[in-house]
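**Q** Quick one: structure below, then a few questions.
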Amino acid sequence: MEQLPESLPDSPMPFICKWLKDAVADGGLPNPDAMSLATVDADGKPAARIVLCKDIVADPGYLIFYTNYDSSKGLAIQAINRVAAVFHWDDMNRQVRIEGLALPSPAEESDAYFASRDKESQIGAWASNQSQPVESRQMLLNKHAATARKLSNLAMDSGIMQIPRPPFWGGYRIWVSAAELWVRGQARLHDRGRWERPLELSGDKPPKPGAWTAFRLQP
């Protein structure tokens, strides 16, 4: 069974990128880019849910996902932006754990991704007050249809055919401060490598990552 290199690489990020590409190519999972995202809100209440990782940028080292900023996860991140995430590719005997800081993506990055989505998903982003109660499924469907009509009329009146990104919807970059790579081992002697690094924050600028420190963990 494949294990991590005896001498761990300086950075885990290229490995994480490769493992995600391997999972996509393997075809064993319908959503190989799915990851469990854990947050803690202002009251200290933890929550976890599945989101889709839409990109990994190995250098300087962050993951990207998209959501409604007013959703429960968005509000939790606004209160406490330290998050954790897990990829688990069971059929490939691999897992990746991530810890880091979630910061809003640049507007142009969110605009570009939103423009790439299909029209129904774009309309859905406008129609849904994510995480808020709704009286019935039919009411949500009616709201989606009404939003579609409204956006269609707006496009005809303005001559703009593209649906704009809602101001309350966009991306987050998870700047990785720690990563753990796990490979299943015989006799439950799993192979675990962990990397940690500091993230220096300065005002509204992107974090400045420090050097990685790598070490192995016992299973």
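**Q** Counting each DSSP H run of 4 or more residues in the chain as -39500 (n - 2.57), what helix-only mean residue ellipticity at 222 nm follows after dividing by all residues, to the nearest 500 deg cm²/dmol?
**A** -9000 deg cm²/dmol
**Q** Here's a follow-up. Relative contact order of the chain: what whole-number percent is it, with Cα pairs under 8 angstrom and at least 6 residues apart?
**A** Answer for the chain is 23 percent.
**Q** Can you give me the span-like helices of the chain, meaning DSSP H runs with 24 Å or more of Cα extent along the axis and Kyte-Doolittle mean at or above -0.5?
**A** Those that clear 24 Å and a mean of -0.5 are 137-158.
**Q** Further question: What order, most packed first, do the peptides 41-50, 174-183 have when packing is the mean number of other Cβ atoms within 10 Å of each residue?
**A** Output ranking for 41-50, 174-183: 174-183, 41-50.
**Q** Straight-line reach from LYS150: which aspartates and glutamates fall under 20 Å, measuring Cα to Cα and dropping same-chain residues less than 8 apart?
**A** Output for LYS150: ASP118, GLU120.
**Q** Another one. Work out the charge dipole of the chain with +1 on the Cβ of Lys and Arg and -1 on the Cβ of Asp and Glu about the Cα centre, then indicate which of ALA79, PRO60, SER136 is farthest towards its positive end.
**A** About the Cα centre, the residue reaching furthest to the positive side is SER136.
**Q** Per residue, how many Å² of accessible area does the chain show with a 1.4 Å probe?
**A** Here the per-residue accessible area is 57 Å².
**Q** Of LYS45/LYS208; LYS119/LYS205; LYS54/LYS205, which pairs sit farther than 27 Å apart, going by alpha carbon to alpha carbon?
**A** Over 27 Å Cα-Cα: LYS45/LYS208; LYS119/LYS205.
**Q** Contour minus end-to-end for ASP91 and GLU6, with contour as 0.36 nm per residue of separation and end-to-end as the Cα-Cα distance?
**A** Computed gain between ASP91 and GLU6 is 28.3 nm.
**Q** Please name which of TRP89, ALA107, GLY28 has its Cα lying farthest along the dipole of segment 1-158 towards the positive end, using unit charges on Cβ (Lys, Arg +1; Asp, Glu -1) and the Cα centre as origin.
**A** Toward the positive end, the furthest listed residue is ALA107.
**Q** Give the distance, in whole Å, between the Cα centre of segment 39-109 and the Cα centre of segment 161-219.
**A** Taking the Cα centre of each part, segment 39-109 and segment 161-219 sit 9 Å apart.
**Q** Less than 16 Å from a label point 7 Å out along the Cα-to-Cβ axis of VAL24: which backbone N atoms in segment 51-70 qualify, by residue?
**A** 52-59, 62-66
**Q** Taking the Cα centre of the chain as origin, work out the dipole magnitude from +1 charges on Lys and Arg Cβ and -1 charges on Asp and Glu Cβ, in debye rounded to 20.
**A** About 360 debye.
**Q** Calculate one ³J(HN,Hα) per residue across segment 87-100 by plugging θ = phi - 60° into the Karplus curve 6.51 cos²θ - 1.76 cosθ + 1.60, and present them in order as whole Hz with x for glycine and proline.
**A** Values per residue, Gly and Pro as x: 9, 10, 10, 4, 6, 10, 6, 9, 8, 10, 10, 10, 10, x Hz.
**Q** Describe numerically, in nm with one decimal, the distance between label points set 7 Å from Cα along Cα→Cβ at PHE168 and at ALA146.
**A** The two pseudo-label positions are separated by 1.4 nm.
The values are calculated or read from the model by the stated rules, or taken from the named source; none is laboratory data. A quick note: this is a predicted structure, and the numbers were derived from the prediction, not measured. Cβ sites come from the backbone with ideal geometry, for glycine too, and all protein chains shown count toward neighbours. SASA here: full protein model, heavy atoms, side chains in, ligands and nucleic acids out. Shrake-Rupley method; radii C 1.70, N 1.55, O 1.52, S 1.80 Å.
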